[in-house]
Amino acid sequence: MANNIAFQPMGKTYQVTASNAAANTITVTANTPSNQYLVISHEKTNGTGHPVYIRISATSANAAVPDSSGQYGIPIPPGAHIVFTGPQCGPNTAVYFSVIAETDSPEVYVTPGEGL
C-alpha cells in the first residue's frame with residue numbers, strides 16, 4: 001500500500017546503465033513487500049541533458065523511446081528523482097525495471113520502499 005510519508009527504503013538500491021542501442025532490464029526485489037520505487041536518473045558529467053526512459057513491469061518487458069505511435073517508456077529528466085507506484089515486489093516477488101536512452105549511457109538507480 002502506498003504511503004503519504006517520507007520515502008523509506010525497504011530493500012537494496014540497484015544500478016542499471018541505460019543504452020541507446022537496446023533496453024537494459026534489471027530484476028528488483030525488496031526485504032519486505034512494497035510497491036513504491038525511488039528512481040534516480042544520474043546524469044554523467046557531459047551535461048547533455050537527455051532523459052532516460054523506464055518501464056516498470058511485473059513481467060520482463062522492455063522500455064522504448066517514445067515516438068508518435070506511442071511506446072512504453074516514461075521519461076525521467078537528467079538528475080531527477082521520482083517515486084513511482086507500481087507492481088508489488090518482496091523477498092520472493094520480483095519487479096522488472098527496463099531503461100533505454102536516446103544518447104550516451106546514463107545511470108539509473110532504483111530503490112524499493114514506501115512513501116513520497
**Message:** I'd like to verify a number: residues in region 79-92 that are over 13 Å from the mean Cα position of the chain (by Cα) and surrounded by 15 or more Cβ atoms within 10 Å (Cβ to Cβ), how many?
**Reply:** 3
**Message:** Which pairs turn up if I take residues in region 32-52 that are in a loop (DSSP other than H, G, I, E, B) and look for partners that are polar (S, T, N, Q) and modelled with pLDDT of 95 or more with beta carbon separation below 6 Å, at least 6 apart in sequence or on another chain?
**Reply:** Pro33/Gln88
**Prompt:** Restricting to region 69-88, what's the tally of residues that are assigned to a loop (DSSP other than H, G, I, E, B) and closer than 15 Å to Glu102 by Cβ?
**Reply:** 4
**Prompt:** Gln15 versus (1) within 10 Å of the chain's Cα centre (by Cα); (2) surrounded by 13 or more Cβ atoms within 10 Å (Cβ to Cβ); (3) within 18 Å of Gly113 (Cβ to Cβ); (4) not basic (Lys, Arg): which is the lone unmet condition?
**Reply:** (2)
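The values are calculated or read from the model by the stated rules, or taken from the named source; none is laboratory data. Treat the numbers as computed from the prediction; the structure is a model and nothing was measured. Please note: Cβ atoms are built from the backbone with ideal geometry, for glycine as well, and neighbour counts cover all protein chains shown.
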